[in-house]
Amino acid sequence: MARITTDDVHDYINGVCFKTGPPGKVGVETEWLVTDPAQPTAGVSLDRLSGALDTTTALPGGSRVTFEPGGQLELSSPALPGPARAHEALAADLDHAAKNLAEAGLRLSGAALDPVRPPRRQLRSPRYAAMERFFTNHRQPSGRTMMCSTASVQVCLDTGADTADLRARWELAHRLGPPLVAAFANSAHWRGRPTGWKSTRWVIWAATDASRTRPVLDGVHRPDPATAWAEYALAARVMAIPQTPDGDGRWTADPGFTFAEWVDGRGPRAATLDDLEFHLSTLFPPVRPRGWWELRMIDALPHRWWPVPMALAAALLDDPVARSTAEEATERLCGPGVPDPRLWLRSAQRGMADPAVAECAIACFDAAVRALPRMGAAHLASLLDDYADRYTRRGLSPADDGPRIPGPRDAGTGASRTGPDPTHHSEPSGGAR
């Protein structure tokens with residue numbers, strides 16, 4: 001394949017990652033930690049998990065089944081018209097998967113961060129081995145935890161009808177990020193005790209190689225979206241280089257340069273379009289452009305609540321009235337620009353206890369509850385209202401539920417202690433393998 005140039009990177013990103021068209025389709029990807037209730041501190045092997053699910057059989061709603069490096073189960077719905085259709089498809093597939101897992105003595109935990117089990121990589125592909133080496137080389141054990149012990153709800157929405165709409169939706173998606181982190185924070189425990197953060201999952205990601213996890217927009221300088229993403233991708237460090245075109249052979253992990261430097265001639269060989277596509281897949285900002293917006297800032301949630309962030313985000317970006325409310329509420333929170341890093345971290349640490357973030361989140365929930373019946377999703381409006389009554393309007397999130405931490409000896413006895421700072425780059429206790 002031909003060597004690419006910096007202009008090729010910009011052209012590819014503009015043409016593929018920022019395609020425009022009438023918005024309205026919704027997709028959702030749910031990640032789940034899987035546990036054995038009879039052995040809550042033991043890992044569940046991928047062989048046992050895949051055997052229970054029979055991954056050779058198509059799911060009734062058409063969702064795709066994949067696994068994350070630590071054995072987390074991911075179900076990804078098709079992109080469907082509106083939140084009601086997306087909910088219907090993934091709900092059927094989750095019920096099907098949960099039933100099969102229950103028959104095998106397994107369950108979906110609904111936690112966003114494994115509270116007790118140390119991170120252990122189960123996927124042995126060269127890609128994930130290289131990824132783990134990259135984080136090890138940079139003394140970022142948070143990378144291993146991110147790969148193997150976290151779970152999220154990822155909402156996928158169209159980019160926009162035209163260039164102007166795309167830019168407005170891109171900036172709104174970023175401004176919504178901190179309220180979404182806070183409203184759905186569900187990872188207050190790690191290593192058997194509280195961490196002092198409502199969304200420890202978020203801060204673990206933020207502590208892992210900022211060149212690939214920081215928000216694309218994080219300041220007052222806001223170039224057009226395609227330029228911003230191209231500059232971000234070019235400035236990010238190369239995680240790994242496959243030595244064969246199919247990527248099945250040996251990989252060079254952490255070659256020691258950015259993608260821009262590779263394009264300019266560094267590296268063992270010329271960078272190609274395939275290399276660009278792989279490189280983009282190793283970048284994990286909270287809003288990732290893939291020809292649609294992938295919102296990645298939301299913690300995994302208990303089974304009842306997983307549709308709430310999907311319905312909320314779809315209403316706020318796709319219903320004109322709700323979108324106007326969200327634009328006003330997020331401008332009050334962020335000012336005329338986009339959230340700075342302190343607001344993201346404040347939302348992860350304090351959650352809905354932050355008055356300014358809570359005010360914004362409540363306004364957004366109320367607008368979405370009113371909008372969803374107009375979108376043919378009245379049942380989701382009711383669910384959002386129930387969630388807001390239980391959490392959002394009370395200044396709470398699922399992180400405040402204080403679930404019991406499983407353990408061979410009541411691991412909840414450590415609940416009064418402050419856990420380790422997840423931003424501190426030290427190897428997790430317990431000896432992650």
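Annotations for the structure displayed:
- The set of residues from segment 22-41 being open to solvent by less than 60 Å² (accessible area, probe 1.4 Å), in a loop (DSSP other than H, G, I, E, B) and at pLDDT 95 or above comprises P23, G24, L33, D36.
- Of everything in segment 221-244 that is part of a loop (DSSP other than H, G, I, E, B) and open to solvent by less than 10 Å² (accessible area, probe 1.4 Å), the residue that is farthest from F135 (Cα to Cα) is A236.
- Within segment 257-267, tally of residues that are open to solvent by less than 50 Å² (accessible area, probe 1.4 Å) and modelled with pLDDT under 95: 2
- Residues in segment 312-341 that are open to solvent by 40 Å² or more (accessible area, probe 1.4 Å) and either in contact with a Phe, Trp or Tyr (Cβ under 7 Å, 6 or more places away or on another chain) or modelled with pLDDT under 95 (or both): P336, D340, P341.
Residues are listed down the side, and each one gets a yes or a no for (1) farther than 27 Å from A381 by Cα; (2) in a loop (DSSP other than H, G, I, E, B); (3) at pLDDT 95 or above:
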| site | (1), (2), (3) |
| --- | --- |
| L90 | no, no, yes |
| D95 | no, no, yes |
| A111 | no, yes, yes |
| R124 | yes, yes, no |
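- Just one of the listed residues (P115, P119) is surrounded by 18 or more Cβ atoms within 10 Å (Cβ to Cβ), touching a Cys at 6+ places or on another chain (Cβ under 6 Å) and touching a residue at least 24 places away in the same chain (Cβ under 8 Å), namely P119.
- The helices (runs of 4 or more DSSP H) found entirely in segment 261-342 that carry 1 or more residues being under 20 Å from M239 (Cα atoms) and more than 23 Å from the chain's Cα centre (by Cα) are 273-281.
- Selection status of A182, more than 17 Å from the chain's Cα centre (by Cα), open to solvent by less than 10 Å² (accessible area, probe 1.4 Å), of a type in the set (A, V, I, L, M, F, W, C) and at negative phi: no
- Every condition in (1) touching a strand residue (DSSP E or B) at 6+ places or on another chain (Cβ under 9 Å); (2) open to solvent by 40 Å² or more (accessible area, probe 1.4 Å); (3) among the aromatic types (F, W, Y) holds for Y12 except the one numbered (1).
- Residue in segment 50-62 that is surrounded by the fewest Cβ atoms within 10 Å (Cβ to Cβ), counting only those that are farther than 22 Å from L80 by Cα and in contact with a helix residue (DSSP H, G or I) (Cβ under 8 Å, 6 or more places away or on another chain): D54
- Segment 43-66 residues that are within 22 Å of P119 (Cα to Cα) and without any contact (Cβ under 8 Å) to a residue 12 or more places away in the chain, paired with ones that are charged (D, E, K, R) and part of a loop (DSSP other than H, G, I, E, B) (beta carbon under 7 Å, 6 or more apart): none
- Looking across A98, A79, one residue alone is out of contact with any Asp or Glu (no Cβ under 8 Å at 6 or more places or on another chain), open to solvent by 30 Å² or more (accessible area, probe 1.4 Å) and within 16 Å of A300 (Cβ to Cβ). It is A98.
- Unique match (being surrounded by 23 or more Cβ atoms within 10 Å (Cβ to Cβ) and of a type in the set (D, E, K, R)) among D218, D158, D162, D209: D158
- Here F135 clears all of (1) modelled with pLDDT under 95; (2) touching a strand residue (DSSP E or B) at 6+ places or on another chain (Cβ under 9 Å); (3) within 28 Å of A399 (Cβ to Cβ) except the condition numbered (2).
- Out of G143, G160, sole residue that is in a helix (DSSP H, G or I), of a type in the set (G, A, S) and in contact (Cβ under 8 Å) with a residue 12 or more places away in the chain: G143
- Qualifying residue in segment 292-303 (condition: charged (D, E, K, R), more than 23 Å from A112 (Cβ to Cβ) and open to solvent by 10 Å² or more (accessible area, probe 1.4 Å)): no
- If you check D401, D354, D389 for being of a type in the set (D, E), within 30 Å of R191 (Cα to Cα) and without any contact (Cβ under 8 Å) to a residue 24 or more places away in the chain, only one passes: D401.
The values are calculated or read from the model by the stated rules, or taken from the named source; none is laboratory data. All figures in this text were calculated on a predicted structure; none of them were measured in a lab. Heads up, the Cβs are rebuilt from the backbone with ideal geometry, glycines too, and the neighbour counts pull from every protein chain shown. Accessible surface is based on the protein model in full, side chains and every heavy atom, while ligands, DNA and RNA are left aside. Shrake-Rupley method; radii C 1.70, N 1.55, O 1.52, S 1.80 Å.
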